[in-house]
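All remarks here apply to the structure that follows.
The values are calculated or read from the model by the stated rules, or taken from the named source; none is laboratory data. Quantities reported herein were computed from a predicted structural model and do not represent experimental measurements. In this analysis, Cβ positions are derived from the backbone assuming ideal geometry, glycine residues included, and neighbour counts consider all displayed protein chains. Side chains included, ligands, DNA and RNA excluded: accessible areas come from the protein's heavy atoms. Shrake-Rupley method; radii C 1.70, N 1.55, O 1.52, S 1.80 Å.
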Amino acid sequence: MVDTVQKNLRRIRKYTLNVGMPQIAAVCTWTAVGALLLHRESTRAFLSLAAIAVFTGLLALSIIDAYTHRVPRYVTGLMIVSGVPLIVLDAIWHWDPTELLRGFAGAVGLFVVYMFISAVSRGGFGRGDVMLAPSVGLLLAYRGWDVLIRGTVYTFVLAGVVSAVLIMMRALDRRDHIAFVPYIAVGAFLAFLI
């Protein structure tokens, strides 16, 4: 695992990242706004912590995927190990097993959908993207079926619109692979909050 982390850090360092004060201020502001929105939307402490764990993992994976087109398993594993127990604790605390069952059904359902897309896309949708489905699906479906459906729709609509714009601007070719995790992160975040 340490070797994989070091390889990913070397890949990211190959790219020139111009991170100045405005970028740092923007990231800090966005993080604060995101945390406040999560707290405002969820009156359940364990669910808020689970959402923060999952969305923090998605933010890290979005950056890694954007620069390396890889989704490291250790970050995905951390999301599952930290998010799932918190959601289970929330279900136990509020004694609502139907929400928990819906969450696990959503995790399995999203995993199957992502596996199907991965099989059909012939390499355009990677195994790392598929491995995000359980934690994202559990979190969104735990809030409701409508949240899971909206999150999935937002993800693919955002990816399609941004890809179409990039193709029209000739910044992207139809055969190019895109980093999909940022779209999963934004789609899930919007669905969770709206």
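Observations
- Filter result for Leu193 (open to solvent by less than 60 Å² (accessible area, probe 1.4 Å), modelled with pLDDT of 90 or more and not basic (Lys, Arg)): no
- Screening the range 49-80 for residues that are under 9 Å from the mean Cα position of the chain (by Cα) and not hydrophobic (A, V, I, L, M, F, W, C) and picking the one that is nearest to Pro182 (Cα to Cα) gives Ser62.
- Among the residues of this structure, Met168 counts as one that is on the phi < 0 side of the Ramachandran plot, modelled with pLDDT under 90 and among the hydrophobic types (A, V, I, L, M, F, W, C).
- Of residues in the range 88-115 being of a type in the set (Phe, Trp, Tyr) and assigned to a helix (DSSP H, G or I), the one surrounded by the most Cβ atoms within 10 Å (Cβ to Cβ): Tyr114
- For the range 155-176, the condition of being in contact (Cβ under 8 Å) with a residue 40 or more places away in the chain and of a type outside the set (Phe, Trp, Tyr) holds for none of the residues.
- Scanning the range 116-140 for residues that are assigned to a helix (DSSP H, G or I), more than 19 Å from Leu58 (Cα to Cα) and open to solvent by 60 Å² or more (accessible area, probe 1.4 Å) turns up Phe116, Ala119, Val120.
- Filtered by the rule that a residue be open to solvent by 60 Å² or more (accessible area, probe 1.4 Å) and either within 12 Å of Pro182 (Cα to Cα) or touching a Phe, Trp or Tyr at 6+ places or on another chain (Cβ under 8 Å) (or both), the range 141-163 gives Arg143, Tyr154, Phe156.
- Hey, Ser163 more than 14 Å from the chain's Cα centre (by Cα), assigned to a helix (DSSP H, G or I), within 30 Å of Val88 (Cβ to Cβ) and polar (S, T, N, Q) or not: no
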